[in-house]
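First comes the structure, then the notes that go with it.
The values are calculated or read from the model by the stated rules, or taken from the named source; none is laboratory data. Small disclaimer: the values here were computed from a predicted structure and weren't measured. Ideal geometry is used to build each Cβ from the backbone, glycine not excepted, and the neighbour counts take in all protein chains shown.
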Amino acid sequence: MAPPPSEADIATNPGVTLPQGRYVGIKLVDPRRFPKPIEAFHGVPYAQTTAGRNRFRSPQPLPLPSSGKKVVWAREFGDACPGLGGVKKGFSEDCLNANIYRPADVVGSDGLLKDREKKPLLPVIVYVHGGGFNAGNGLERDMASFVAWANAPMVSVNFNYRVGALGFLPSELTAREGLLNLGLRDQQMLLEWVKDNVEAFGGDPENITIMGLSAGAHSVGHHIMYYAQTSKPAPFHKAILESGATTARAVFVPTHPRHLIQFREFLVAAGLEGVPEDEIFDRLREAPVETLVEASHAIWNLYEPSVTWPFQPVIDGPNGWANSSHTGSGEPLIPNLPINSWRKGKHLHIPVMTGFNTNEGTVFIPPDADTNAQFRDFFKALIPAFSEADLDELEKLYPDPVISWRSPPYKTVIPPDKGRQWARLDAAYSHYAYICPVLQTAHFLSTVEDGPNKKPVYVYRFAATGKFGAANHADEAPIVAHDIDVLTREFRVPGLLAVSDAMHGAWARFVVSKTGDINSTDASGGGGTGGINEGAAVVQWPEFKSPFSKDEVEDGKKSKRWLWGDDGDGPSGDTGKIMVFGEGNDERRGAEGQGRLGIPARVEQMTPLMMRTCKFWWARVGLSEGLGRMEEDGKKMKGGLRAKL
């Protein structure tokens, strides 16, 4: 363990005083990566260790020092929570820590903003990492870079939360013990810790934006719903959801057969087969953490090819499913089917930015699927409640490229090592798991009646291509962060730098503006980086207006409008407007591409095809929630009626 900071260290390095002690950070000076110096506080704990008696328990608040204020270094990253990477150096159960970044020299030695009379507290951005709830850590996104390239000063935070079986172990027993969704509860404690402590870093506790990618975005969506259904005040004011939503993928109840089977398999893998039920969690807390992480990884490997992932968030409230006797303990974090919470308006009314990448499915789908039967089998395994009629409808919406006499309405340039159904699976899975859930979030938020609850909603599509000649899941992450290490690692990418200027600038303006006005002229965005459009005017990003009627009902009836090839009804007027970033850019493909710069930013309108595909998936969202039986508030929906928009 490093010795505590000396008096000289304290005098020459940035510091912050928190209730649990004083933390001494470091100054990051790297002109190539950062156009201005950044002050960093690494590994600051926001909760107690999750080891020992705290394993499989809700996060515990930090104790206050028994005497005086301890002084500790905050220059090294804290340990990350063990996940699919295993337990190795830099990973441990003492992992609930955060990294905080701010521009250098804006806070004085007394912990107050310099020129406080002239300068307000700084806006705050908190990043929630992705990783399928089984992997990842806060360092996934370079939030120091995000702060450094923003013209307007701000404070950023990234952090770790429990993943895999240690953070998400759904089962009937876990529900009775009140131990569901522990990783989400870690996030909740971090958000409330930031709200309580960020002013010490110069941050404004009344201007906090939360941002997540993938599982992080799913999480952000759950928090948007949770804080609207509790007496607690929300510890954030705006939200950014990148490639994620509460209705994305599957959100089952803990008693869903998939979770019960995976729980039993986990116990067997952990060497606890046959242990009496009342001893299971005691034995799990006593087991070496390596044993549990290895067991978690083993179960993941069983289900990863079919994308029916284990260890996921579940509905933990009594209204989430039919015929349940679950009462649990503590306040439910996901009290109902997410689609029901949307329908009933049980969500915060805050400014939201959300979006997706063109080819979200490429990194998840089986690479060698070659036949129509394999296409159907993939979705039958993914959504067991899919009927044969549903699968027939799916085939019509995404026609088989092997037999179709017309060009299918999806990308068909398939890498030589992929099966003939690869592009088709990408299109269908992208819509199911990411694109249509994102648009569903935007639909519900944008159809709030005019009045004080009406807040701006913005939707984007990231289109710059990389691996596979596609805009893959998470490809936008370093672009948004303006991560120079990634952007210039292998190729000269002036076009992509321009895309990064546009995206990072928009994200920064959203963070800075208290009202979430992404086009605000007084909320400066990203700095120039030598991109092809440096100094160009910012493209105005229109608020999203849903092209769907509020009372439109999808009843699953066959109609020619559901068939591919018929234009049907598309968006009208100024509805369905989306900002597209990087259209035509292929610089990340290197020698495989053509060096096209593309268009940094432009506005497009949703197509009739996009509306049809989302109608199909929205009508079946109930098959991936609760018990997966198209239920609403515990009652079977009559007459085959599908979900309301």
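Take residue 49 and tell me if it is surrounded by fewer than 21 Cβ atoms within 10 Å (Cβ to Cβ), closer than 30 Å to residue 333 by Cα, outside the structural domain of residue 481 (by TED's automatic domain parsing) and among the hydroxyl-bearing types (Ser, Thr, Tyr). Criteria met by residue 49. Of the residues examined, residue 33 is not one that is of a type in the set (Lys, Arg) and surrounded by fewer than 14 Cβ atoms within 10 Å (Cβ to Cβ). Applying the selection to the range 334-365, what residues are more than 25 Å from residue 181 (Cα to Cα) and surrounded by fewer than 18 Cβ atoms within 10 Å (Cβ to Cβ)? Matches in the range 334-365: 363 only.
In the set (1) buried (at least 23 other Cβ atoms within 10 Å of the Cβ); (2) within 20 Å of the chain's Cα centre (by Cα), residue 192 fails one condition alone, (1).
On the basis of being within 20 Å of the chain's Cα centre (by Cα) and surrounded by fewer than 24 Cβ atoms within 10 Å (Cβ to Cβ), does residue 461 make the cut? Give the steps one after another, and end with the answer.
On the way: within 20 Å of the chain's Cα centre (by Cα): yes; surrounded by fewer than 24 Cβ atoms within 10 Å (Cβ to Cβ): yes.
The answer is yes for residue 461.
All conditions in (1) at pLDDT 95 or above; (2) within 26 Å of residue 363 (Cα to Cα); (3) not in a helix (DSSP H, G or I) hold for residue 274, with the sole exception of (2). For the range 162-179, the criterion of being touching a Ser or Thr at 6+ places or on another chain (Cβ under 8 Å), within 25 Å of residue 473 (Cα to Cα) and assigned to a helix (DSSP H, G or I) is met by at least one residue. Restricting attention to the range 257-315, the residues that are β-branched (Val, Ile, Thr) and over 19 Å from residue 50 (Cα atoms) total 8. When 428, 381 are screened for being outside any loop (DSSP other than H, G, I, E, B), closer than 30 Å to residue 541 by Cβ and either small (Gly, Ala, Ser) or without any contact (Cβ under 8 Å) to a residue 24 or more places away in the chain (or both), only 428 passes. Would you check if there is a residue in the range 172-195 being among the small types (Gly, Ala, Ser), touching a Gly at 6+ places or on another chain (Cβ under 9 Å), under 20 Å from residue 40 (Cβ atoms) and in the same structural domain as residue 230 (by TED's automatic domain parsing)? No, there is no match, as no residue in the range 172-195 is among the small types (Gly, Ala, Ser), touching a Gly at 6+ places or on another chain (Cβ under 9 Å), under 20 Å from residue 40 (Cβ atoms) and in the same structural domain as residue 230 (by TED's automatic domain parsing).
Select from the range 10-22 the residues that are outside any strand (DSSP E or B) and touching a Gly at 6+ places or on another chain (Cβ under 9 Å) and list them in ascending order.
Within the range 10-22, 13, 14 qualify.
Screening residue 210 against (1) under 28 Å from residue 504 (Cβ atoms); (2) surrounded by fewer than 22 Cβ atoms within 10 Å (Cβ to Cβ) leaves a single unmet condition, (2). Being under 20 Å from residue 547 (Cα atoms), part of a helix (DSSP H, G or I), in contact (Cβ under 8 Å) with a residue 12 or more places away in the chain and among the aliphatic types (A, V, I, L, M) is the requirement here; does residue 435 meet it? Judged against the criteria, residue 435 is a match. With respect to the conditions (1) surrounded by fewer than 15 Cβ atoms within 10 Å (Cβ to Cβ); (2) basic (Lys, Arg); (3) over 30 Å from residue 154 (Cβ atoms); (4) at pLDDT 55 or above, residue 589 falls short on a single one, namely (1). In this structure, does residue 27 turn out to be more than 15 Å from residue 97 (Cβ to Cβ), part of a strand (DSSP E or B) and at pLDDT 95 or above? In short, yes. Checked against (1) part of a helix (DSSP H, G or I); (2) outside the structural domain of residue 211 (by TED's automatic domain parsing), residue 313 meets all criteria but (1).
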